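Structure record follows, encoded as structure tokens.
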Amino acid sequence: MKKRFWENKQLSDFSRKEWELLCDGCGKCCLNKFQKTKKSPPVFTNVACRFLNIQKCKCKVYDERKNKKSDCLILSPKNIDQLVNWLPTSCSYRLIFEKKELPFWHHLNNNKNKNVHNTKNSVKNFAISEEYVDSTDMSNHMAKKINNT
Ligand code: SF4
Ligand code: SF4
């Protein structure tokens with residue numbers, strides 16, 4: 001694997017390993033979202049999918065996620081152009097798709113003292129599992145930090 005492989009390379013040319021490595025592990029894409037109107041951007045809530053391990057910000061059923069949750073969006077180089085607006089603006093895939101740089105805290109930038117959690121860029125400290133939230137109450141769970149980025 002080339003050093004700093006994500007620079008000057010199309011997402012469609014990433015190997016599977018490179019693609020997986022790009023994810024910053026923030027967990028934001030596993031938060032429930034809703035749209036105010038059909039054309040408006042998604043509004044993120046602080047309510048996480050029941051399959052997200054919130055402390056680790058990792059999917060508990062990653063290899064079988066499509067079977068376990070039919071509306072889980074599986075991002076790939078082939079569909080990112082259609083899904084990009086559903087990703088948080090900090091998402092590494094979105095940043096590279098939009099030809100922007102990865103943040104200083106991204107693990108690929110190898111900043112030993114900074115990471116997605118201690119810079120408060122993951123959902124670890126504010127997400128709540130959907131197991132504990134009434135689905136009709138989502139509008140009371142808007143995640144301001146994500147919606148404002
Ligand atoms: S199934 Fe896994 S990857 Fe899909 S939304 Fe839930 S936690 Fe995220
Ligand atoms: S929002 Fe993007 S970078 Fe963050 S966990 Fe989801 S896919 Fe990975």
Next item on the list: Would you mind getting me the FRET efficiency between residue 82 and residue 134? Use the beta-carbon distance for r and R0 = 41 Å, nearest 0.05.
Entry: 0.85
Notebook entry, point to check: Using a simple spin-label model with points 7 Å from Cα along the Cα→Cβ vector, what separation in nm is obtained for residue 35 and residue 50?
Noted result: 2.6
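Suppose the chain between residue 125 and residue 70 were pulled fully straight at 0.36 nm per residue; how much longer would it get relative to their current alpha carbon spacing? The partial results should precede the final answer.
Numbers: separation 55, 0.36 × 55 = 19.80 nm, distance 2.66 nm.
Stretched fully, the residue 125-residue 70 segment lengthens by 17.1 nm.
Restricting to the chain, compute how many DSSP beta bridges are antiparallel as a %, nearest 5. Don't skip to the answer; put the middle values down first.
Working: 6 of 8 bridges.
Looking only at bridges with both residues in the chain, the antiparallel portion is about 75 percent.
With an 8 Å Cα cut-off and a minimum separation of 6 or more residues, compute the relative contact order for the chain in percent. Display every interim value, and only then the final one.
On the way: 171 pairs, mean separation 49.3, N = 149.
Relative contact order, the chain: 33 percent.
Using r as the Cβ-Cβ distance of residue 115 and residue 17, and R0 as 30 Å, what FRET efficiency do you calculate, to the nearest 0.05?
On the way: r = 20 Å, r/R0 = 0.67.
The pair residue 115/residue 17 has a calculated efficiency of 0.90.
Values in this text are rule-based calculations from the coordinates and carry no lab data. This structure is a prediction, so every number in the text was calculated from the model and none was measured. Glycine also receives a Cβ, built like all others from the backbone with ideal geometry; neighbour counts cover every protein chain displayed.
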